[in-house]
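Undergrad: Starting off with a structure, shown below.
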Amino acid sequence: MDLRNLELARARQRVGRAKLDLERAENLLDEDCGVAMNLALCCRIRSAQRRVVEARLRLTKIDPGRTN
């Protein structure tokens, strides 16, 4: 396995983990947890959204032909 394929696999993993974390946080936000918990979840969601974007950018730098 060459280094490029390894980097692509790691980048895809980062995207997947970031998306999963975002989905979990959004699901928790749907529950009635109170204001303080909702504020913490909003922060967590923003952070997860940022990680998804950063992971996709990293993947695109490794494989420019990849669009999603």
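The values are calculated or read from the model by the stated rules, or taken from the named source; none is laboratory data. These numbers were taken from a predicted model, which means no experiment stands behind them. Glycine also receives a Cβ, built like all others from the backbone with ideal geometry; neighbour counts cover every protein chain displayed.
Undergrad: Could you list all residues from the stretch 1-25 that are among the acidic types (Asp, Glu) and assigned to a helix (DSSP H, G or I)?
TA: Listed by number, the residues that qualify are GLU7, ASP21, GLU23.
Undergrad: Considering the stretch 1-25 alone, what residues qualify as being in contact (Cβ under 8 Å) with a residue 24 or more places away in the chain, of a type in the set (Gly, Ala, Ser) and in contact with a Leu (Cβ under 9 Å, 6 or more places away or on another chain)?
TA: ALA11 - this is the single residue of the stretch 1-25 that is in contact (Cβ under 8 Å) with a residue 24 or more places away in the chain, of a type in the set (Gly, Ala, Ser) and in contact with a Leu (Cβ under 9 Å, 6 or more places away or on another chain).
Undergrad: Could you please find all residues in the stretch 26-65 being in a loop (DSSP other than H, G, I, E, B) and either surrounded by 14 or more Cβ atoms within 10 Å (Cβ to Cβ) or touching a residue at least 24 places away in the same chain (Cβ under 8 Å) (or both)?
TA: ASP63
Undergrad: Can you name the residue in the stretch 21-68 that is among the hydroxyl-bearing types (Ser, Thr, Tyr) and more than 16 Å from GLU7 (Cα to Cα) and is also modelled with the lowest pLDDT among such residues?
TA: Restricting to residues being among the hydroxyl-bearing types (Ser, Thr, Tyr) and more than 16 Å from GLU7 (Cα to Cα), the top hit is THR67.
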